[in-house]
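Worksheet: one structure, shown below.
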Amino acid sequence: MEQFRLHSPDGQYTAVISTPRLWQLLPRLPGQAGDKPGQVEMLDQHMQSLGRMPLSRVSLASDLEWIRFGARIRLVGAWNFRDRFYAYWNDDQTHMITQQLN
């Protein structure tokens, strides 16, 4: 279930942050909404997916930075739009998982 969107300054890319629908049904204490797990999916200007990566907490998406040729979320991963790939840390943060974009 979509939580929010973040748009690049040039309007060409959109990060869509979502959580599993099940997490919407579980009770949360006030202030804990950002503690639920989720994912971030990057879309281009044609709404085509540029890949998605897991978030241990959706609040991590607030650290998303638009950088030259891409975007990154500190301690999570990054997209390189120019070279058409993205990479993110596995759950144990022991190695990076790299994916090529089509």
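Show the residue pairs that are 6+ apart or on different chains and have beta-carbon atoms under 7 Å apart, the first residue being within the stretch 18-44 and in a loop (DSSP other than H, G, I, E, B) and modelled with pLDDT of 85 or more, the second being polar (S, T, N, Q) and surrounded by 12 or more Cβ atoms within 10 Å (Cβ to Cβ).
Between residues of the stretch 18-44 that are in a loop (DSSP other than H, G, I, E, B) and modelled with pLDDT of 85 or more and residues that are polar (S, T, N, Q) and surrounded by 12 or more Cβ atoms within 10 Å (Cβ to Cβ), the close pairs are Thr19/Gln3; Lys36/Thr19; Pro37/Thr19; Pro37/Ser56; Asp44/Gln12.
Go through the stretch 71-102 and give me each residue that's under 22 Å from Glu2 (Cα atoms), part of a strand (DSSP E or B) and of a type outside the set (A, V, I, L, M, F, W, C).
Scanning the stretch 71-102 gives Arg72, Gly77, Tyr86, Tyr88.
Tell me, which residue of the stretch 44-102 that is closer than 16 Å to Gln12 by Cβ, polar (S, T, N, Q) and in contact with a strand residue (DSSP E or B) (Cβ under 8 Å, 6 or more places away or on another chain) is surrounded by the most Cβ atoms within 10 Å (Cβ to Cβ)?
Only one residue tops the list, namely Asn80.
The values are calculated or read from the model by the stated rules, or taken from the named source; none is laboratory data. Remember, it's a predicted structure, so these values are computed and weren't measured experimentally. When we count neighbours, we look across all protein chains shown, and the Cβ atoms used for this are built from the backbone with ideal geometry, even at glycine.
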